Each structure stands twice: as C-alpha cells, then as structure tokens.
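The values are calculated or read from the model by the stated rules, or taken from the named source; none is laboratory data. These numbers were taken from a predicted model, which means no experiment stands behind them. Glycine gets a Cβ as well: all are built from the backbone with ideal geometry, and neighbour counts include every protein chain shown.
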2 protein chains.
Amino acid sequence: MTYCLGILLKDGLVLASDSRSNAGVDQVVRVSKLNLMPQAPDRVISIQSSGNLATTQAVVTTLHEAFGSGEVAHDLRHARTMFEVAGIVGAQLRATVAADADFVTPYGDPSASFLVGGQIEGEPPRLFQVYAAGNFVEASARSPFLQIGETKYGKPILDRLLAPGASLAQAATLALISFDATIRSNLSVGPPIDLVLYRAGGFSMDNLVTVDDADPYWQALRRTYAEGLSALIASLPPPPETWGA
Amino acid sequence: MTYCLGILLKDGLVLASDSRSNAGVDQVVRVSKLNLMPQAPDRVISIQSSGNLATTQAVVTTLHEAFGSGEVAHDLRHARTMFEVAGIVGAQLRATVAADADFVTPYGDPSASFLVGGQIEGEPPRLFQVYAAGNFVEASARSPFLQIGETKYGKPILDRLLAPGASLAQAATLALISFDATIRSNLSVGPPIDLVLYRAGGFSMDNLVTVDDADPYWQALRRTYAEGLSALIASLPPPPETWGA
C-alpha cells in the first residue's frame, strides 16, 4: 500500500510519500513514490504515484526519458502549463494501461493514480490528482490537499487543522502527523517518508528530504504529539453520570 | 454509510452507532443501527448493524421476534453463551442473504455485517464482529475494539489511546472523539449517535443515550478537543530550517 499527500499553499507546495512497497517479488527494493522530473530553469515537476508498480514506473520512466525530447505528446519539458502536464501524465497512464491491461489483469490490478505537482514559470504552483481513468482534478484554496493510496487514516487531522493560510512549516508538520496516524493504523504504509517543501518561485526540489525512523525531528514530533494528545484526552470532560459511567 | 464501534473493557462494554441512512428511498427515517434484544434477567444482547438495510432489518427483526420462542436455531433467549449468540446471528445473516441475494443483486449489494455485544449470566461481557460471510471474530484484551462500516477515519485515535484498562467513561469519551473524526471527514456518517455504557453484571442497557448535535456534553467535548488539538499542533516543534521551510 501507499500513502501520498500533496498540499497546495499560498507559499508553495508540501509533498510527501511513503516508501513501503507491497509484499511480493518487488519487496526487496525500497520504492520511491515521489519522482522528480529532470531539472529545468523554468519548471519543476513532481509525480507521486500509487497503484501497480509496473504501471507507475512505466508512466514515470517514459515521461522522464521523453523530457526535452520534443515529442509533444510526452514532453513535459515543453508543456505550457501544469494543466497540460497533468493531461500528459493522464494520457500516458491511459496508454500504459491500454497496452498492459489484458496481460496483467489475470495476475492483478494494473491501475494506478498520481499526484502531479509543481510550477511552470508564469503560473503559481499547482497540484493535480490524476485518477486511474486518466482524468484529473486540481487542488484549490478551498480544497488545498489531495491524497492517493491509503488516504483515510490521515485525513481527519488535515480536515480539522490545515488552514488555507498555513505556512510551509505548519503544513509540513501536519503532513507528518497525518503520516504518523496512517503508519500507526496500517502496517503497509511505512517510513522512510520522502518530503519536499517547495517554496513558490524556487524552481527546484533539491531540498527533498528522506525522513526515516532515526530522523531526530520525526522522533521529536511523534513523541511530542503522542504525549500532548494523551494529555489532551485525559483532560477532556467525562460523560454525564446519568449515562452510566 | 454507517459507523458502528464496540469496545470491550474489564468493566464492561461501550457500544456506539451513528444513525444516518444512505441517500435513497430509505432516507426519510432515522435508522437505529444499535438494536437491543428484548429484556431478560440473565442476559443482555445488542446487535449493531452495517450494510444493506433490508438485510440488517430482516436479520434483527427475525431474531427479535424469535426471542423466547424456543426455536433453537433462532432463539437468542436460550443461547447458552455469547459465542452461540454470534453464531445464530451469522446463520440468520446467511439465511437472509441466501433467500434475497438473487433478487437484490441487480439493484445493489445485499450484504451486511454486525457487531454483537452483551453478556449472559456466568460469562463476562463479550463482543463479536460477524462478517458478511456469517463467520465471526471476538474482541479480546489485546484487540479490545471492533468497528464496522466507515471505520478508518476513527481508528487512529483508538489505536493510539485506548488503553486495555480504560474505564467506561474514558472509553466512551474516546468513542465519541472517534465518531467526531469520522463525522468531520465523511458526510455520510452523522449524528445522532446511539451510545451504551454497559457495566458488567448490570444485565440492562436501559441507559442507552441518543447523542445529537444539541447534546451539551457532545458540544463541550467537541469544542474542548478541537481547541486542545489546535493548541497542541501549534505547540509542535517546527521542521529543521535545512528542510526549506
């Protein structure tokens, strides 16, 4: 299983993905589910992936290798907007699934989905979710986060506390708390977590960090949150005596 | 959609169910998903239900009407243990689905599942989850809570903080926080919440309360928790500056 999260902010983007691959023949490798397209001065593009690993790798690798090739249908280097980028990712997903589905379906589900985030010069940062069908939706100030994979455990904390005006630091903290909740409730999602705090106009995601269990910030955050939550629950008013407690 | 939760404690049981019915022709009624079998001095039995409403009502009503009838296959009044009770509920579910599935499937999913909780004299309180297949599992000190329906949003808080030695009051508070998380993240789960705090040896669930949005304790609990969580998140350490925040 997988958990990928993208958050669209006034200041930029926070993108986070776990790295646990499903049990099976692919489990010997730690899988990176947050893929950066090649460097370019006028754009930065991230593709986070969930679903069939062969499908997601085929889509991402094809687009990586076609970057700058000039083949309009595949070339994210020359897409004019992030909307076009999301469309190209969706089209590549459809092409891959169309080519493979008949062969793969007897063994498992070939489908996949993506979060596509980044910025192209002239636009603000943008964030899209590409569905298994290849169509897609965009994040906005009113629905500032998108999730794929094992999404539900980590959603309540974001629904409650992700403010539209949150800073990159605040959103990154909430993102990690959302991952903590998911990891505690579902063994198939696990660290390390690939995390990018992208500041609008930076046109680089070189600051991608890989947060593993030994990371001192991750440890401090989890401990502080767990202790604080425990104290909060203990401080809540007890139910009325008439309820029979 | 539905969310039902059962918690097995040393002191007894905490059982909670939402009351929102799916959109559709059944939506004019508030549906009670926490059904108590008739009163009897030596037993108390609750059946919480999720899934196809016609199926769950057929199962519950059949068992309600057969209570005390002496028909061994259906009579929860004469079951010797809660294990037998869970088996009878599972068998009734299988019989109902077998009778209806061919007719219902063209229109939708006929399946259902249940939480069966209660106590029969001579045993401690027990709690079971009856799957759609009619088989079932039992809660224990090591896995003290069971959920059916929309289970994931409300699971992290229970995974984190439900201690094996929790009191009825502590477990009831956590149960309501778990419902609050679910209700905030999923519109199809909604109040009122039917809630029972059952103390072992009491042999009555007459103290069932229906918690709606006007309930002062529910309001105070949600407000206190939301404010406390917001303050906790604001107090967490910020990510390292090297991460680019």
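If you go through region A:100-125 and keep only what is surrounded by 13 or more Cβ atoms within 10 Å (Cβ to Cβ) and either more than 26 Å from A:ASP159 (Cα to Cα) or in contact with a Gly (Cβ under 7 Å, 6 or more places away or on another chain) (or both), you end up with A:ASP100, A:ALA101, A:VAL104, A:PRO110, A:SER111, A:ALA112, A:SER113, A:LEU115, A:GLY117, A:ILE120, A:GLU123, A:PRO125. The residues of region B:41-59 include none that are closer than 19 Å to B:SER204 by Cβ and free of Cβ contacts under 8 Å to residues at least 60 places away in the same chain. For region A:143-200, a tally of residues being assigned to a helix (DSSP H, G or I) and β-branched (Val, Ile, Thr) returns 5.
Among the residues here, B:SER143 does not qualify as over 24 Å from B:GLN92 (Cβ atoms), modelled with pLDDT of 95 or more and more than 8 Å from every other protein chain (Cβ to nearest Cβ).
Residues that are farther than 27 Å from B:LEU208 by Cα and touching a His at 6+ places or on another chain (Cβ under 8 Å): does region B:70-84 have at least one? Yes, the conditions are met somewhere in region B:70-84. Among the residues of region A:128-138, those identified as under 20 Å from A:THR2 (Cα atoms) and either surrounded by 15 or more Cβ atoms within 10 Å (Cβ to Cβ) or hydroxyl-bearing (Ser, Thr, Tyr) (or both) are A:PHE128, A:GLN129, A:VAL130, A:TYR131, A:ALA132, A:GLY134, A:PHE136.
One line per residue, one yes/no per condition, for (1) buried (at least 17 other Cβ atoms within 10 Å of the Cβ); (2) within 18 Å of B:SER50 (Cα to Cα); (3) under 13 Å from the mean Cα position of the chain (by Cα):
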residue	(1), (2), (3)
B:ARG142	no, no, no
B:GLN147	yes, yes, yes
B:ASP159	no, no, no
B:LEU162	yes, no, no
B:ALA166	yes, no, no
B:THR173	yes, no, no
B:ASP194	yes, yes, yes
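On inspection, A:GLY122 does not qualify as at pLDDT below 95 and not basic (Lys, Arg). Under the condition of being within 7 Å of another protein chain (Cβ to nearest Cβ) and under 30 Å from A:ASP42 (Cα atoms), which residue from region A:204-222 is surrounded by the most Cβ atoms within 10 Å (Cβ to Cβ)? Here the residue is A:VAL209. Only one entry of B:SER188, B:SER178 meets the criterion of being more than 8 Å from chain A (Cβ to nearest Cβ), within 15 Å of the chain's Cα centre (by Cα) and among the polar types (S, T, N, Q), and that entry is B:SER178. Only one entry in B:GLY201, B:GLY244 is more than 7 Å from chain A (Cβ to nearest Cβ) and more than 15 Å from B:SER17 (Cβ to Cβ), namely B:GLY201. Taking the criterion of being closer than 30 Å to B:ASP206 by Cα, in a helix (DSSP H, G or I), within 8 Å of chain B (Cβ to nearest Cβ) and not charged (D, E, K, R), would at least one residue in region A:223-234 satisfy it? The answer is yes, given that some residue of region A:223-234 is closer than 30 Å to B:ASP206 by Cα, in a helix (DSSP H, G or I), within 8 Å of chain B (Cβ to nearest Cβ) and not charged (D, E, K, R).
Of the listed requirements (1) modelled with pLDDT of 95 or more; (2) in contact with a helix residue (DSSP H, G or I) (Cβ under 8 Å, 6 or more places away or on another chain), A:ASP213 misses just one: (1).
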